[in-house]
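A short write-up of the structure that comes next.
The values are calculated or read from the model by the stated rules, or taken from the named source; none is laboratory data. Every value quoted in this text rests on a predicted model; they were computed, and no experiment measured them. With ideal geometry, Cβ positions are generated from the backbone for all residues, glycine too; neighbour counts draw on all protein chains shown.
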Amino acid sequence: MSALAFNGVIILNKPQGFTSHDAVAKLRGMLKTRKIGHAGTLDPMAQGVLVVLLGNATKASDYLMGGKKRYRAGFKTGFVSDTLDIWGSVSQTGLPSPGQEQVQNAVMSFKGGYTQVPPMYSAIQKNGVRLYDLARRGIEVERQGRRVDIEDISLISYENGRGIIELACSKGTYIRTLCHDIGQKLGCGAVMDSLVRLGSGDFQLEKAYTLEQLQSLADGGRAEEAVIPTDRIFSSLPFIKVDDTGFKRALNGAYIGEEMITGGRIPESEGVLCAVYSQCGRLVILAKSGRLDVSGAPALFHEKTFYTGDANE
């Protein structure tokens, strides 16, 4: 399988010390392809699930970034840091480490979510300037707090001032900020000292490949074994198959009426995202259900094209 034919997702177990961009660049060289990207950035010192997009799957980034994230994070109490983690400028607070019960209560107080203030060392922009650029110049600005959802959180272990937590949270949650906020709740300070993303949406660490494993597959001409085809990442969406007329209209961005559908059915509720396939089973577009203005008849309205034109129709 040539690199140009790759269309789908690779679940990468990103190693510590690589930026997300570095990891994608490494894969670009392995696969000898230029059409490659990722969904959901991981900090350089974080490890774990990085969803890498190939070929037409690069168009799916917006649909894949919003899923629930799962993390395992380590933290040390009695410390503070400008970056809120162990890799910044760290200092001791001189305050005694709290006990197991105190830490447990502090961690569990964040279950359900809270209003989180993003860290200065982040890629968020303020008046067109990245916050980390301001932070590196010693400038701190006011940041707007925003609600983050923490569906579940648990204290896995705590001993000698170091704890490990696991959590499931919404997109945009800063785990190092959470560790800092746990330290604030305890009154002694805390910094994150490790981070592993265990899952991103439907993509789990258990199914991830290391760079070394992917290099071995690529060297053996078997890299396609690691690729999840693009249509499979939308397998949970309503399935719609269209006739030739519907196929052509889909590619032209026109609505698709009920009379063009040969498989599945348009959802009764409006705004439901559907996966639309050609007669031979190729993913063509994503579309949303709705109704025509004049007749009120059910129809599908174009959202994003995924058909690449490299198969016989």
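Residue count for region 132-151 satisfying the condition of being among the β-branched types (V, I, T) and either at pLDDT below 85 or not assigned by TED's automatic domain parsing to the domain that holds A73 (or both): 2. Being crowded, with 16+ Cβ neighbours inside 10 Å and of a type outside the set (G, A, S): is that true of L95 here? The answer is no for L95. Among the residues making up region 65-89, those that are of a type in the set (A, V, I, L, M, F, W, C), surrounded by fewer than 21 Cβ atoms within 10 Å (Cβ to Cβ) and closer than 15 Å to M120 by Cβ are V80, W87. With respect to G112, is the statement that it is touching a strand residue (DSSP E or B) at 6+ places or on another chain (Cβ under 9 Å) and within 30 Å of L214 (Cα to Cα) true? Answer is no for this residue.
Residue selection: K14 satisfies the criterion of being buried (at least 24 other Cβ atoms within 10 Å of the Cβ) and not aliphatic (A, V, I, L, M). The sole residue among S236, S154 that is more than 30 Å from I261 (Cα to Cα), out of contact with any Phe, Trp or Tyr (no Cβ under 8 Å at 6 or more places or on another chain) and either modelled with pLDDT of 95 or more or not in a helix (DSSP H, G or I) (or both) is S154. S122 meets the conditions (1) of a type in the set (S, T, N, Q); (2) in contact with a helix residue (DSSP H, G or I) (Cβ under 9 Å, 6 or more places away or on another chain); (3) under 22 Å from G40 (Cβ atoms); (4) not in a loop (DSSP other than H, G, I, E, B) in every case but one. The failed one is (4). If I filter region 82-89 for residues that are among the β-branched types (V, I, T), touching a residue at least 24 places away in the same chain (Cβ under 8 Å) and touching a helix residue (DSSP H, G or I) at 6+ places or on another chain (Cβ under 8 Å), do I get at least one hit? Within region 82-89 (the criterion being among the β-branched types (V, I, T), touching a residue at least 24 places away in the same chain (Cβ under 8 Å) and touching a helix residue (DSSP H, G or I) at 6+ places or on another chain (Cβ under 8 Å)), the answer is yes, since at least one residue qualifies. Are any of the residues in region 197-207 modelled with pLDDT of 95 or more, of a type outside the set (D, E, K, R) and not in a strand (DSSP E or B)? Looking for residues that are modelled with pLDDT of 95 or more, of a type outside the set (D, E, K, R) and not in a strand (DSSP E or B), one finds at least one in region 197-207, hence yes. Where strands (runs of 3 or more DSSP E) fall wholly inside region 1-90, the ranges with 2 or more residues that are within 20 Å of G199 (Cβ to Cβ) and charged (D, E, K, R) are 69-77. Of all residue pairs spaced 6 or more apart or on separate chains, those with beta-carbon atoms under 7 Å, a first member in region 127-156 that is within 30 Å of E101 (Cα to Cα) and a second member that is of a type outside the set (A, V, I, L, M, F, W, C) and in a helix (DSSP H, G or I) are L155/Q104.
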